[in-house]
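Structure first, then comments.
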Amino acid sequence: GLLGFNHVDWINRNAEIFIFIGEASQQGMGIGKQAMQLLIDFSRNNLNLHMLYLNVFSYNYGAIKMYEKIGFSIDGRLRESKFSKGKYHDTIIMSKLLNEG
Ligand SMILES: CC(C)(COP(=O)(O)OP(=O)(O)OC[C@H]1O[C@@H](n2cnc3c(N)ncnc32)[C@H](O)[C@@H]1OP(=O)(O)O)[C@@H](O)C(=O)NCCC(=O)NCCS
């Protein structure tokens, strides 16, 4: 799998992040949550960032649940910005302020 930063804004101290666990058999075992927590701690303690944000498709319920469990909240949505399997879906924007614990 992969996780990392898509874009780091050093002036405003925020970054867009992403995560992907490639092996479906390894999903749902706590790895994603643990890896995201490491990324959050690294962003706060080593990079001195203030805020992280990410995009997730509205049909990706598992990912949204995982992000909520590690303290991300929904900021908004880009309506019908994703076309998949014959239907339009929203892109949800989520963020976490790193001084919120
Ligand atoms: C989304 C993803 C990163 C989550 O990582 P994961 O290792 O599968 O998730 P975890 O096992 O760490 O789960 C963390 C929490 O989220 C919840 N969760 C995860 N998947 C879930 C699902 N499908 N439905 C409901 N809850 C879910 C778990 O219940 C868990 O809560 P808990 O700690 O209270 O038990 C991973 O499944 C993945 O890479 N999926 C494919 C790519 C993808 O969708 N990436 C995100 C794009 S925005």
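Details
- Net charge, residue 74 excluded, C-beta distance under 14 Å - Lys, Arg +1, Asp, Glu -1: +2
- Apportionment of accessible area to carbon and sulfur, the chain, percent (1.4 Å): 52
- Paramagnetic reach from residue 85 in the stretch 8-35 [backbone N under 18 Å; point 7 Å along Cα→Cβ]: 24-25
- 1.4 Å probe accessible area per residue over the chain, in Å²: 66
- For the Cα trace of the chain, dividing Rg by the Kirkwood Rh returns an Rg/Rh value of 0.97.
- Considering helices alone, the calculated mean residue ellipticity of the chain at 222 nm is -7500 deg cm²/dmol, with DSSP H runs of length four and up weighted by -39500 (n - 2.57) and normalised per residue.
- Computed over protein heavy atoms with a 1.4 angstrom probe, the accessible surface ordering of 80, 16, largest first, is 80, 16.
The values are calculated or read from the model by the stated rules, or taken from the named source; none is laboratory data. Remember, it's a predicted structure, so these values are computed and weren't measured experimentally. Because the Cβ atoms are built from the backbone with ideal geometry, glycine has one as well, and the counts that use them run over all protein chains shown. The area values use the complete protein model at the heavy-atom level, side chains included, leaving out ligands, DNA and RNA. Shrake-Rupley method; radii C 1.70, N 1.55, O 1.52, S 1.80 Å.
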